[in-house]
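Some notes on the structure that comes next.
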Amino acid sequence: MSIELLKELSETPGIPGREENIRKIVQRELKGVVDKMTVDNLGNLIAYRKGTSKKPKKVMYSSHMDEIGFIVQHIDDKGFLILDPCGGHDPRNTIVQRVKVLGKKELLGVVSWKCKPIHVQSDEDRKKSPSLDKIYVDLGLGVKEVKKLVEIGDPVVIHRDLEQYGNRVTGKALDNRTAVYTLIQALKKSKKNKDDVYAVFSVQEEVGLRGALVA
């Protein structure tokens, strides 16, 4: 197992529609491994290897490159970033996460939500779960500095390193970078195949299987 490659795949940002950096890693890893690689108009990477059979069947394996994330929807008068989700988020797992904002330069921030401090909350307040429309990112910068570095529509991803615990790993975007990693390794280890193989590294799965549907 190449933990270095899995780490690179996990830690590289790639929200739906912005998978280009993941695609570059896959192209690098499969150079010379497959017969041909093409990128379709939506951004899917299709790696092809010809089969050895006289009448080969067509077999497709697919894994998606994108991860859940956010885009910047608004910058308020305090310099906090209001987010629009890309993919299915559980807001309870999002609060106090570190995030990376891919603006004019990479910025680190922390997710919080608009609520009373815990020590002044009522019992009823404490039963409430955060909602995505009440979360925001604090970059620790003033509003003027934030507006110089961040624009509406900039991607935001969870910022977390891949770490290994025994024979297990923890990190972000393992859905579905583990499958991307597995498909790369399978192509490397299977030098020949009886049937024509199409390995599809698809885009925009987290917002409706868009890449897979056209592949």
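Each reported figure results from applying straightforward, stated rules to the coordinates on display, with no laboratory input. Note that this is a predicted model, so its numbers are computed, not measured. Cβ placement follows ideal geometry from the backbone for every residue including glycine, while neighbour counts extend to all protein chains displayed.
Against the chain, whose longest principal axis is taken from its Cα atoms, helix 20-30 shows a tilt of about 30°. Shown in residue order for the stretch 125-139 are the 3J(HN,Hα) couplings computed by the Karplus curve 6.51 cos²θ - 1.76 cosθ + 1.60 at θ = phi - 60°: 4, 5, 7, 6, 9, x, 10, 4, 7, 10, 8, 8, 10, 9, 8 Hz (x for Gly and Pro).
Converting phi to 3J(HN,Hα) with the Karplus coefficients 6.51, -1.76 and 1.60 and the offset θ = phi - 60°, the stretch 68-77 yields 5, x, 9, 10, 6, 9, 6, 10, 7, 6 Hz in sequence order, with x at every glycine or proline.
In a simple Cβ point-charge model (Lys, Arg +1; Asp, Glu -1; nothing else charged), the stretch 69-158 has a dipole of about 200 debye relative to its Cα centre.
Only one residue of Ser129, Gln204, Thr38 has its Cα farthest out toward the positive end of the dipole of the chain, where Lys and Arg carry +1 and Asp and Glu -1 on Cβ, and that residue is Thr38. Computed from point charges on the beta carbon alone (+1 for Lys and Arg, -1 for Asp and Glu), the dipole magnitude for the stretch 167-210 about its Cα centre is near 340 Debye.
For the stretch 69-158, the square roots of the Cα gyration tensor eigenvalues, ordered a ≥ b ≥ c, give a/c of at least 1.5 with a/b greater than b/c, which places it in the prolate category.
Summing Lys and Arg as +1 and Asp and Glu as -1 over all other residues whose Cβ lies under 14 Å from the Cβ of Gly153 gives a net charge of 0.
The angle between the Cα long axis of helix 174-189 and the main principal axis of the chain comes to about 20°, on a 0 to 90 degree scale. Seen from Gly43, the other residues with C-beta closer than 11 Å to its C-beta sum to a net charge of -1, counting Lys and Arg as +1 and Asp and Glu as -1. If we count every other residue with Cβ under 15 angstrom of Lys188's Cβ, Lys/Arg +1 and Asp/Glu -1, where does the sum land? With Lys, Arg at +1 and Asp, Glu at -1, the net is +3. The computed Kirkwood radius over Cα pairs in Å for the structure shown corresponds, within (i) 17.2; (ii) 17.7; (iii) 19.1, to (iii).
Counting only residues at least eight positions apart within a chain, or on another chain, the aspartates and glutamates with an alpha carbon under 13 Å from that of Lys191 are Asp35.
Using only side-chain charges placed at the Cβ, +1 for Lys and Arg and -1 for Asp and Glu, the dipole size of the chain relative to its Cα centre rounds to 1100 debye.
Taken one residue at a time, the phi angles of the stretch 151-161 give Karplus couplings (6.51, -1.76, 1.60, θ = phi - 60°) of 10, 4, x, 5, x, 9, 10, 4, 10, 8, 7 Hz. Gly and Pro are set to x. Structure remark: mean-square fluctuation, Gaussian network model of the chain, C-alpha springs under 10 Å; the largest value among Gly103, Gly43, Gly51 belongs to Gly51.
Shown for Leu5, Leu108: other C-beta atoms within 10 Å of each C-beta, ranked fewest to most, produce the order Leu108, Leu5.
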